[in-house]
Every structure is written in structure tokens, then in C-alpha cells.
Amino acid sequence: TAWEDIRLFDWSRQFHRLGLMPREVMLSAPWPSPVSPFPVAERFRCCRLSESGDGIWARALAHFVLTRHERKIWSQLTGPERRRKEWLLGRLAAKDAVRLLLKERHQVELCPADIEIVTDEHGRPGVTQEFMERSGCRISLSIAHAGGVAVGLAGDTAARLGVGIDVEPMGRNHAGVERVALTVDEQALLVVVPPSEKDEWVLRLWCAKEAVAKAIGRGMVTGPLGLVVQHLDVETGQVTVGLTGELARQLPASAGNLFTAHTGREDSF
């Protein structure tokens, strides 16, 4: 405990030497591209960052950005160290998105550890009810990580609407994704896509399904075929997705709805 106290004190001192307070520091970068097509884009913020540092850096970072309860969860995570780092960086990106949203829309400045992210019974992340009551906002969250990049999306949403985001790296063989994740009818939609962009659009459809699955709060519990792409627009990148099968039966209120996912490509993602 004493070592942790000394380390945190030293980190705080370094921020003061730079003339910065922790609430003014953002380790991730704003990423406006995913939310710019939204009808009310001003109510959403997205942040992303890349993996860096070793185990010592990750432990120091955890003490800087996580609440006590979150640190306990992080310390008890099992599995490969890479997964633990993805969990940590995903939380950081999501917290920065919330901080950016509250700062720019409500002039409220917060430290990362002022925000606690919890998950519901289906694994969907969100801020605590106490935080929403204090902030006066109904915050929805989504987190994704792949290929060494973590992204967080936060929205000040009406009613109990959710948000969803997914990210995937280009440059892999995606024939398996097309075969497993897309129906014959969905594959037929790709006929309007230029051949040179087919692999990219297979990934776009996969990301669209993932994003919608996260937005409705269930994830891919019934597999990717529980969500069906009804339409795609090559010019705008919009993908229209509906629910089917067991997922539609689990969510009858959403079964007849169509969801719009905004897809795009930036760099190699």
C-alpha cells in the first residue's frame, strides 16, 4: 500500500510539473468520425487510443483511471494479459468520451476515476445510476477493441435508448466471416459493391451487426444471424439491420424495428 501511495503521489507531482491537473488530462484522442453522421451528433462523443506500455504501466494506469471497485474487478480478471489490457483501455476510452461529452455540453470537468462503469446482466457497460442522477444526463455507453485499438462511445440519450460501436482491422482474410456471419440474401446485397471493396464491406456488415447488437443491449447472444442486414448504401455507408429468430423473440418490442448503423473506414480500421 505504501508503494502505491508513493507511486500515485509521484505521478500527481509530474502532472503539476507539467502545469496540468488530472481532470485536464485525456490519454485517448477524440474520434469524431463514427458519430458525425448521427442525426443529433452533438449529443455523442467518441474517443480512441492505441495500446502501449508494459505491465507496470498498465498497473499505474489502472490506479489513475479506475475507481476502487473497478480496480478490484480489473485485478480479478483472468485470462491472457492482453485481454486485461483491452478491458482497461476500453474503460479509459469510454470514460474519456463521457468526460468530453459533459465538458463540451455541460461545462463539467471530471477525472476518469470520478466515473464508474458497471455492466448489466447482459454485459452491456454503463455508468452508475448515482452518476446519472448527479450529472442530470442519461448516459449510454459502448466499448470496442481490436487490433491494438480501443474505442469508447458515449451518448446523452433520450428515454432508454442504447448506443453501439464496433471496430475491426483490415488486412485479414475475411472469407470465413462472410460465410459464417452473412446469409445468402445478405451476401447478395454485396453485388452493388465494387470488387476491390468487397472485403471492406464484409467487415462493415459485421461491424454494423455488432454495433446494433450492443445498442439493443444483448450482444451476439444468438449469433450474427440473429441480426439481418436489410439494405446497404455504398455512398453513405449506412447499413439497415433488423432482428430475427430467437433474438426477435427475446426482444418483441424491437422485433419490428429497423436500426441504422453508420459505417466507415479510417486508416486500416
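The values are calculated or read from the model by the stated rules, or taken from the named source; none is laboratory data. These numbers come from a predicted model, not from an experiment. Glycine gets a Cβ as well: all are built from the backbone with ideal geometry, and neighbour counts include every protein chain shown. Ligands, DNA and RNA are stripped out before the accessible areas are found, and what is left, the full protein with its side chains, is counted by its heavy atoms. Shrake-Rupley method; radii C 1.70, N 1.55, O 1.52, S 1.80 Å.
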Run the helix sum for the chain: -39,500 (n - 2.57) per DSSP H stretch of 4+ residues, divided by residue count, reported at 222 nm to the nearest 500 deg cm²/dmol. -12000 deg cm²/dmol
Normalised by the number of residues in the chain, what is the relative contact order in percent for Cα pairs under 8 Å and 6+ residues apart? 15
With r defined as the distance between the Cβ atoms of residue 244 and residue 192 and R0 fixed at 30 Å, what FRET efficiency is calculated, to the nearest 0.05? 0.85
What accessible area per residue comes out for the range 93-147, rounded to a whole number of Å², with a 1.4 Å probe? 44
Placing +1 at every Lys and Arg Cβ and -1 at every Asp and Glu Cβ, with all other atoms neutral, what dipole size does the chain have around its Cα centre, in debye to the nearest 20? 640
Inverse of mean 1/r across different Cα pairs in the range 163-263, Kirkwood, Å: 13.5
For the pair residue 184 and residue 83, what calculated FRET efficiency results from E = 1/(1 + (r/R0)^6), where r is the Cβ-Cβ distance and R0 = 35 Å, to the nearest 0.05? 0.55
Gain upon complete extension [residue 146, residue 130; 0.36 nm per residue less C-alpha separation]: 2.7 nm
Three principal axis lengths of the range 100-146 [C-alpha, angstrom, descending]: 32, 26, 18
Given the options 143, 165, 216, which has the most mean-square fluctuation in a GNM of the chain, springs set between C-alpha atoms less than 10 angstrom apart? 216
The farthest towards the positive end of the charge dipole of the chain, of the residues 229, 190, 139, given +1 on Cβ of Lys and Arg and -1 on Cβ of Asp and Glu, is 139
Can you bin every Cα-Cα distance in the chain into 10 Å intervals starting at zero and give me the percent of pairs per bin, rounded to whole numbers? 6, 28, 33, 22, 8, 2, 0
The lysines whose Cα lies under 29 Å from the Cα of residue 85, excluding any fewer than 8 residues away in the same chain, are 72, 95, 103, 209, 214
Measuring from its Cα centre, the range 112-204 shows a charge dipole (+1 at each Lys and Arg Cβ, -1 at each Asp and Glu Cβ) which, in debye to the nearest 20, is 100
Got a sec? Charge dipole of the chain, +1 on Cβ for Lys and Arg, -1 for Asp and Glu; which of 75, 49, 170 is way out at the positive end? 75
Cα→Cβ-extended label distance, 7 Å offset, between residue 104 and residue 221, nm: 3.3
